[in-house]
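To keep things clear, I will list the structure first and then write my remarks on it.
The values are calculated or read from the model by the stated rules, or taken from the named source; none is laboratory data. Just so it is clear, the model here is predicted, and its values are computed rather than measured. Heads up, the Cβs are rebuilt from the backbone with ideal geometry, glycines too, and the neighbour counts pull from every protein chain shown. All accessible areas refer to the heavy atoms of the entire protein, side chains included, with ligands and DNA or RNA removed. Shrake-Rupley method; radii C 1.70, N 1.55, O 1.52, S 1.80 Å.
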Amino acid sequence: MVVLPLSLSIAWALAAPSPAAPESTTNGVTTPDAADGRRTVLPRVDVAADARSAAVEAARQRLDETAGAVGLVDAERYREQRAATLADTLGYAAGVFVQPRFGSEESRLSVRGSGLQRTFHLRGIELLQDGVNLNQADGGGDFQALEPLAARYVEVYRGANALSYGAATLGGAINFVSPTGRDASPLDLRIEGGSFGYRRGQAALAGADERHDYYASVSAFAQDGFRDHSRQETYRFFGNYGIALDGGETRFYLARVDTNSELPGNLTWAELQSDPRRAAPANLSGDQQRNFDLTRLSNRTQLELGNGDELEFSAFYAAKNLNHPIFQVLLQDSRDYGGNLRWRRDGDWNGHRSVFTAGVTAIAGTLQDRRFVNVGGRPGAVTNGFDDRATRLSAFAEAQYFLSARTAVVVGLQAARNRREAEDTVITAGRDESYARTYTGASPKLGLRSELGDGLTVFGNLSRSYEPPSFGELAGGPQLTLVDAQKATSGEVGLRLARDGLTLDAALYRADLRGELLALGDADGNPRGTVNADRTRHQGLEFAAAWRITDAIEWRSAYLWNDFRFDKDAVYGGNRLAGIAPQLLRTELRWSIGDVYLAPNLEWSPQRSYVDHANTLAADAYAVAGLRVGGVLQQRWHWFVDARNLGDRRYAATTGVIADALGRDSRQFLPGDGRSVFAGLEWRN
């Protein structure tokens, strides 16, 4: 791996002070004396912390003007614990269902049932880094492309509330916002370690002068894993460099990821109960893994044009190389590139405030896909091959018109055209599997938001969503499945409250889907292709709360009720859709004693979770308790001890999805980690 020393060299180069940079009285302790040139010691003022808090608060206020379900996750909260998986990062975000597959970065991530059958990779949610698209051109995405420790905060736009970013998927969008040299500590060092050979480290540098600023993060993660054949290793560099312009800013981003993961596979329920540490036999014999490297360059430029007009342009290029031994060995090279143009006007119309946003997104990508017989994890004879190309072109507009200072109506529309092309480069059995499909769709939105006073806001909206298949749905199994786009009509009502130390975020929603993309697997967890369901229904409750009961006691909780069903299906009637637990609660009570805190916590899934659409096989309900202690020493040292699954409960964190298990046990269960303890130490200058 050459990325780590290379990244350190880049970070060191960025850290070199500018000759014109003035000496700081905030992150240093001395300043020149104008009279005699001597230096005078000044008290330390943590301007970085103030700027960090100001950036988070400004983002929160902007999100509060949304006529729908949105939320913000402050990175300072999840940095108080082990920060290894997306469940660590997003577990307390309203409306987000996230469970790691086997204590790994690879997770099942879903909002409102998006990508319901995906226990791997990503579909149905637009991932963004600083407002720039992370998903590939076909809509798929990789969780390892994210580094939560290199984020300042995370914005969650559920459903159609992501329209202002041009996203019209059922799940919406999640935007990871990076620190900059103006709101990050000059030096941040962090180390974590614990059970199952877990270790993680990060070093981050930041700085700024009047016109320029930089932020650079190098991180390394490795673990042997709770289960056999679950070793992981990931190295990342994330950096950005900003230049102030007259009336705006341009910022360049560089990311590099090298990751290698062994895949332990699914177990039967009997195997999970007897020995959850074991790996599935096929995963061992095939040495199944997922390894890739990713390099990503992007730029985002923002300009204030005056009179409330803002213009934003972004562009990116990403190169990824994947080596993926599973039921076959997949060798894939992809190149994706694209750009966004957004215009925002905040002004008056007919004597009332109005906010208008419009934009276009254009993304293209190529994928060279080669498939081989899996011979102990190495490629054998060629089985198939495709040269793929995907394009996405979308235009969107959203207008928010204030009927009064506290009440606004929102209308919006997105139109999109997506193209999927594949050239079969390995003709087998005389059958050419080349294809070309075009998908088009329009997604309107109508919403209302009203501030009722005393920190209470209510909202509601109606919308449509449109989601074309990725290459994983079209050719992710042993045969082509040329499915149609998934469409839905959704409605939601909800509220946000911020009053006297209490914050609430709650929404009720319902989505009626046509042609839902259901990616099915066989009893061994191997993909068997995708189908379009006829009619399905997703409805539920999203709830998150935080309450500072006293200066020393704080409670926070996130609860999901998921009711996802077939709607008078010819085969499954009104059965539950398999894949996601009907209910999930995460809750924590934190008690502070001076600079030390104690935080017992609980994860509870009180109902069985079906594995098959026929509803004949399910994972049992479970409850897992944990305990965190931590604190701050001399304002610069932060520490924690994070104990999990104290009762060493054997449970399924998530499952595979099949059509009909016929009531028989099969390898569809992914065990949650056993009893574990992790500790971390962080120093900020």
Val641, Val56, ranked by accessible area, largest first (probe 1.4 Å)
Val641, Val56
If I ignore ligands, DNA and RNA and count only protein heavy atoms, how much of His324 is accessible to a 1.4 Å probe, in Å² to the nearest 10?
10
Compute the normalised compactness of region 540-619: alpha-carbon radius of gyration over 2.2 N^0.38 Å, N being the residue count.
1.56
What order do you get for 122-132, 456-466 when each peptide is scored by the mean count of other beta carbon atoms within 10 Å, highest first?
122-132, 456-466
Through the Karplus equation 6.51 cos²θ - 1.76 cosθ + 1.60, θ set to phi - 60°, convert the phi angles of region 174-186 into ³J(HN,Hα) values in whole Hz; use x for Gly and Pro.
10, 10, 8, 9, 7, x, 10, x, 9, 10, 10, 5, x
One would report the Cα pair-distance distribution of the chain, bin width 20 Å, in %, as 18, 54, 26, 2, 0
Residue-by-residue Karplus 3J(HN,Hα) for region 531-537, coefficients 6.51, -1.76, 1.60, Hz, glycine and proline x
10, 9, 5, 6, 10, 9, 9
Give the relative contact order (percent, whole number) for region 203-245; include only Cα pairs under 8 Å separated by 6+ residues.
39
Need one number: the % of Cα-Cα pairs in region 333-376 sitting beyond the 16 Å mark.
66
Taking a ≥ b ≥ c as the square roots of the eigenvalues of the Cα gyration tensor, with a/c under 1.5 meaning rounded and otherwise prolate when a/b exceeds b/c and oblate if not, region 542-685 is prolate
Semi-axes a, b, c in Å (a largest) for region 491-625, each sqrt of 5 times a Cα gyration tensor eigenvalue, come to 37, 19, 10
Note down the accessible area of Ile658, probe 1.4 Å, to the nearest 10 Å².
10
Give me the percent of the accessible area of the chain that comes from carbon and sulfur atoms, probe 1.4 Å, all protein chains in place.
56
If you line up the long axis of helix 3-15 against the longest principal axis of the chain, both from Cα atoms, how many degrees apart are they, to the nearest 10?
20
Relative contact order (percent, whole number), the chain, Cα cutoff 8 Å, 6+ residue spacing:
11
Can you give the calculated 222 nm mean residue ellipticity of the chain, where each DSSP H run of n ≥ 4 adds -39,500 (n - 2.57) and the sum is split over every residue, rounded to the nearest 500 deg cm²/dmol?
-2000 deg cm²/dmol
Need one word for region 109-233: rounded, prolate or oblate. Basis is the Cα gyration tensor (sqrt eigenvalues a ≥ b ≥ c); a/c below 1.5 gives rounded, then a/b vs b/c decides.
oblate
Per residue, the convex hull enclosing the alpha carbons of region 58-184 has a volume in Å³ of 100
Cα-derived Rg over Rh, computed across region 376-533 with Rh taken as Kirkwood radius:
1.16
Report, in degrees rounded to the nearest 10, the 0 to 90 angle that the Cα long axis of helix 47-64 makes with the longest principal axis of the chain.
50
Tell me, what is the per residue accessible area of the chain in Å², probe radius 1.4 Å?
40
Which order do the peptides 487-498, 58-69, 101-112, 422-433 come out in when sorted by mean C-beta neighbours inside 10 angstrom, highest first?
101-112, 487-498, 58-69, 422-433
Can you give the relative contact order of region 551-657 as a percent, counting alpha carbon pairs under 8 Å and 6+ residues apart?
22
Roll a 1.4 Å probe over the protein heavy atoms and report the accessible area of Leu681 in Å², nearest 10.
70
